[in-house]
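The values are calculated or read from the model by the stated rules, or taken from the named source; none is laboratory data. Note that this is a predicted model, so its numbers are computed, not measured. Glycine gets a Cβ as well: all are built from the backbone with ideal geometry, and neighbour counts include every protein chain shown. Quick note on the areas: whole protein, heavy atoms, side chains included, nothing else; ligands and nucleic acids left out. Shrake-Rupley method; radii C 1.70, N 1.55, O 1.52, S 1.80 Å.
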Protein chains: 6
Amino acid sequence: MKKVAVYPGTFDPITFGHIDVINKALKLFDKVIIAASDGANKNYLFNSLERVQLIKKALFVDLKFDKKKIEVISFTSLTTDLCKKYKSNIILRGLRAVSDFEYEFQLAGMNRKLNNNIETIFLMSDVENQIISSRFVKEIVRLKGDIKKFTTKSTIKSLKEKYE
Amino acid sequence: MKKVAVYPGTFDPITFGHIDVINKALKLFDKVIIAASDGANKNYLFNSLERVQLIKKALFVDLKFDKKKIEVISFTSLTTDLCKKYKSNIILRGLRAVSDFEYEFQLAGMNRKLNNNIETIFLMSDVENQIISSRFVKEIVRLKGDIKKFTTKSTIKSLKEKYE
Amino acid sequence: MKKVAVYPGTFDPITFGHIDVINKALKLFDKVIIAASDGANKNYLFNSLERVQLIKKALFVDLKFDKKKIEVISFTSLTTDLCKKYKSNIILRGLRAVSDFEYEFQLAGMNRKLNNNIETIFLMSDVENQIISSRFVKEIVRLKGDIKKFTTKSTIKSLKEKYE
Amino acid sequence: MKKVAVYPGTFDPITFGHIDVINKALKLFDKVIIAASDGANKNYLFNSLERVQLIKKALFVDLKFDKKKIEVISFTSLTTDLCKKYKSNIILRGLRAVSDFEYEFQLAGMNRKLNNNIETIFLMSDVENQIISSRFVKEIVRLKGDIKKFTTKSTIKSLKEKYE
Amino acid sequence: MKKVAVYPGTFDPITFGHIDVINKALKLFDKVIIAASDGANKNYLFNSLERVQLIKKALFVDLKFDKKKIEVISFTSLTTDLCKKYKSNIILRGLRAVSDFEYEFQLAGMNRKLNNNIETIFLMSDVENQIISSRFVKEIVRLKGDIKKFTTKSTIKSLKEKYE
Amino acid sequence: MKKVAVYPGTFDPITFGHIDVINKALKLFDKVIIAASDGANKNYLFNSLERVQLIKKALFVDLKFDKKKIEVISFTSLTTDLCKKYKSNIILRGLRAVSDFEYEFQLAGMNRKLNNNIETIFLMSDVENQIISSRFVKEIVRLKGDIKKFTTKSTIKSLKEKYE
């Protein structure tokens, strides 16, 4: 039973928090589809193409992850439709001790009403990575702080270019 | 002791989550005033007049609710002032297992400091309806998803027209 | 439409937190049934008869509440059966900013599955009373502390007698 | 990559809430080990042997689940040791909108410190089943209430015998 | 060991909730630096200079606080850099029963990764002040409500001028 | 202004989670009183004398902490009375992302009603230590697990002796 999991998110940009979840997922599933969402009326720092490039450089160049087990895409459809496209019945979400449970609870509940063959699986990243959020990483870079502990080399480089 | 309850909210648009709370309130109170708020600097999908129309069509046309026990208005005043206008000492709020309690706790606390004769009553919608949020309903319609399980026929029709 | 609300709880003993909820309920309903539960395998400080007496003394003697609008009983049945017995379709629960929501969410959900004509209504006590819990009141009395801010004269007297 | 998941719990007794999680897990993994814990100083209603029998009757007799994909055991070891014994790197936990996150957060964190090859995966049961808890089911049976909506026939029968 | 605490926040505008935390901090530390943040892309009602003036008038004119123990500034740097500048190893945060813990947990965790000599200390304002939020105070003034219970005279005056 | 903080808790037994809070407190205050509570009807693994000895061995023998800045006692009085005895106006509590906020919120609120000169200060332990709880440490030792990552050498030795 080949197990494919879809990991949707904004990834604006990718951080060690996301990478921790991806790392764990690779131990549990045969393939992980990392899907950068392209929602309307959201002001991203990086557009969806840039975000896909950042994820690829972080995983395959900086961290030498196994390309055969990972696919990186952007998407504008419903997540449940994306799963059907990739023959997956698993939506993967990172869980933090203080996740926004109202959002996660409703997102998983609505996705199930749309397609109850698809399950949302939550993976808890290591405690040390649970404090990392893209929002703070951008704020720290904007204020010239050091983010080496929060994301990979290539991502740091691109972030600094954005705020020059 | 004629019991009138004021049910303030955004209703942008009305969903089965709201309708569940209204249904329960009609069993407990003699009259329910559904009040669509018209707060400044909030980007609504439907303006307040449209939202009032949508609520009326959903309740009276789609679901045949009893018109005598329901009044639908929009308002720009303080909720406590609205209650005084309709001789009601009850503000009705829907409660979800993962409601935004910081908002509810402060809203109820501030309303009480403004007028401690008015009580905030919380009603818990059926668990199945707690996952429904206007925010996701709009996102699903935008992405051409099926929202039959989340709101009424006339509301679905108006939503689709908005996103054509 | 005569409105009767059932307010079930342990009341071991009654505090100003409970009394705040009762006070608010009397403004909203025609009658309030205060029901002290007598669950198995729970080690109460006061048995159910004593707790009923304490509630009566606190409300009618210390605070001169209107006896016509209040009934005080103990019960060992299902709360939903108790509601039927008193022709009430309202279970009243106090809500605190940090209530034990897992317990409240399941209790209300299970009660609804048992009888979906009966609604659970949550009333938020004034913020100042939300910190009062019977558990701490007993601990403070045991350690000879002053609990004048937390419950009524007759209850304080009975508590001190218990810990002599 | 044969996927085996260990689902530890008290199951005192099994309910539709547990069965919902098991059902979902069977769609995602090749085999599910249901492990009834036998912790010290915990007063169970059913001992561990009885609980194992109840789970088997509920799944294989009442609901005709596929025996080949399920194993039911009791255990007194560390969950991480149990995983090693069954060559599994997955601990499965049910997630509710208002789960006891302090317990889950620490349990998952401590298990990872004991063996960071083993991942805790959280599955969210359908909303309707999230309100079901063994604790309330036992309370309702004790008070002669109807629990048909909460667990299977054989479990109801055994519960009633316990409270005769 | 002279104790200096930095109290960063938006203070848009200052309320009795903030003032309660400042009051408590003055009992615990030798000096408190109140730092109004000037984050990018945030639409404040008052700009940072106005907010600094409002804080000074509220504390020193309206409430006669001791000027020697308080310094009021605005800042655009990282909070940890601000602490170094004022030789302080304490970041002070107000804690509410329903604070946004995801934000606080990540903010404190990220600050510690940036500089683990600096500690975040949380002070719980009196329960009565925990319901006060700048956001609601502005909404109530906009709707001509009375905010005497929520902030000081000079702040009320400036707020009304803004909404004329 | 000599700053003394009282750190009350059960410490049954002391863990790296407690030690992290103590470490941070020593950077902020001149002296820390570690007070092991001796509450009635609580079944501790170690009695209060043993717990005091364990804390002393862990801090002074295993970790060579500075004895001049630390005092270790057991107490059976109200925490507010204990503070008065040691001329301290600070109660120190560890804060976790998923602390039991109902307990902390009420404990701090009740202590303030008993003596509003005494402030409760919350310190957030490093994320890695937030998952450590005495309850799980005891369970893991009972099940012959390795707890080197959770507490100090002498504490491990005493725990193993208890479970032989």
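Placing +1 on the Cβ of every Lys and Arg and -1 on the Cβ of every Asp and Glu, with nothing else charged, gives the protein assembly as shown a dipole about its Cα centre of roughly 0 debye. Springs between Cα atoms under 10 Å define the GNM used for chain B, and in it the highest mean-square fluctuation of B:ASN116, B:ASN89, B:ASN47 occurs at B:ASN116. Here D:LYS31 is the anchor, and the aspartates and glutamates within straight C-alpha reach of less than 13 Å, apart from those fewer than 8 places off in the same chain, are D:ASP66, D:GLU71.
Shape verdict for the protein assembly as shown, please, from the Cα gyration tensor: rounded (a/c under 1.5), prolate (a/b greater than b/c) or oblate. Rounded, since a/c falls under 1.5. Result for chain C in a Gaussian network model with C-alpha springs under 10 Å: among C:THR76, C:THR151, C:THR15, the largest mean-square fluctuation is at C:THR76.
For B:ASP62, A:ASP66, the ranking by accessible surface with the largest value first comes to A:ASP66, B:ASP62, using a 1.4 Å probe. Across the copies of the chain, A:VAL61 has label points (7 Å from Cα along Cα→Cβ) spaced 5.6, 5.6, 5.6, 6.4, 8.2 nm apart, shortest distance listed first.
Nearest 10 degrees is fine. How inclined is helix B:16-28 to the longest principal axis of chain B, computing both from alpha carbons? Result, in degrees: 40. Helix C:153-163 and the long axis of chain C differ in direction by around 70°, with both axes built from C-alpha atoms. With 25 Å as the limit, write out which pairs from B:LYS56/C:LYS87; E:LYS149/F:LYS2; A:LYS153/E:LYS85; E:LYS113/F:LYS149; B:LYS3/B:LYS84; E:LYS56/E:LYS148 have Cα-Cα distances beyond it, or answer none. Distance filter (> 25 Å) returns B:LYS56/C:LYS87; E:LYS149/F:LYS2; A:LYS153/E:LYS85.
For A:ARG135, inter-copy separations between label points set 7 Å beyond Cα along the Cβ vector come to 1.0, 1.1, 3.0, 3.1, 3.2 nm, shortest first.
Per residue, chain B reaches -11000 deg cm²/dmol at 222 nm when only DSSP H runs of four or more residues are counted, each adding -39500 (n - 2.57).
Ordered by 1.4 Å accessible area with all protein chains kept, C:GLU139, D:GLU161 run largest first as D:GLU161, C:GLU139. Using a Gaussian network model of chain F in which every pair of alpha carbons under 10 angstrom is joined by a spring, one finds that among F:ALA108, F:ALA25, F:ALA58 the greatest mean-square fluctuation is at F:ALA108. With both labels modelled 7 Å from their Cα along Cα-to-Cβ, the B:ASP81 to E:ASP30 distance reads 5.1 nm.
Placing a label point 7 Å from the Cα of A:LEU49 along the Cα-to-Cβ direction, the distances to the matching points in the other copies come to 4.3, 4.3, 7.0, 7.7, 8.4 nm, shortest first.
Restricting the trypsin sites (Lys or Arg not before Pro) of segment B:45-141 to loop positions (DSSP other than H, G, I, E, B) with no more than 12 neighbouring Cβ atoms within 10 Å leaves B:LYS64, B:LYS87.
The label-point distance for F:GLU71 and A:LYS2, in a model that sets each label 7 Å from Cα toward Cβ, rounds to 7.0 nm.
Accessible surface for F:ASP146 stands near 80 Å², nearest 10, in the context of the full protein assembly shown (1.4 Å probe). For helix D:101-114, what angle does its Cα long axis make with the longest principal axis of chain D, in degrees from 0 to 90 and rounded to 10? The answer is roughly 40 degrees. Taking 17 Å as the straight-line reach from the Cα of E:LYS68, the aspartates and glutamates in range (excluding those fewer than 8 positions away in the same chain) are E:ASP30. Candidate cross-link partners of F:LYS138 among the aspartates and glutamates, defined by an alpha-carbon separation under 18 Å and a same-chain spacing of 8 or more, comprise D:ASP38, D:ASP81, D:GLU102, D:GLU104, F:ASP12, F:GLU50, F:ASP146, F:GLU161, F:GLU164. Taking the convex hull of the alpha carbon positions in segment F:47-164 and averaging its projected area over all directions gives 8.5 nm².
Chain B's nearest residue to the axis relating it to C, judged by Cβ and reported with the distance in whole Å, is B:PHE122, 2. Counting only heavy atoms of the protein chains and using a 1.4 Å probe, A:SER77 has close to 40 Å² of accessible surface. Our summary gives segment B:1-143 a relative contact order of 31 percent, counting only alpha carbon pairs under 8 angstrom and 6 or more residues apart.
From the alpha carbon centroid of segment B:136-164 to that of segment A:128-164 is 38 Å.
Figure note: B:LEU82, F:LEU49 ranked by solvent-accessible area, largest first, 1.4 Å probe, ligands and nucleic acids not counted: F:LEU49, B:LEU82. Just how far, in whole angstrom, is segment E:38-59 from segment D:1-68 if you go by their alpha carbon centroids? So the two Cα centres are separated by 58 Å.
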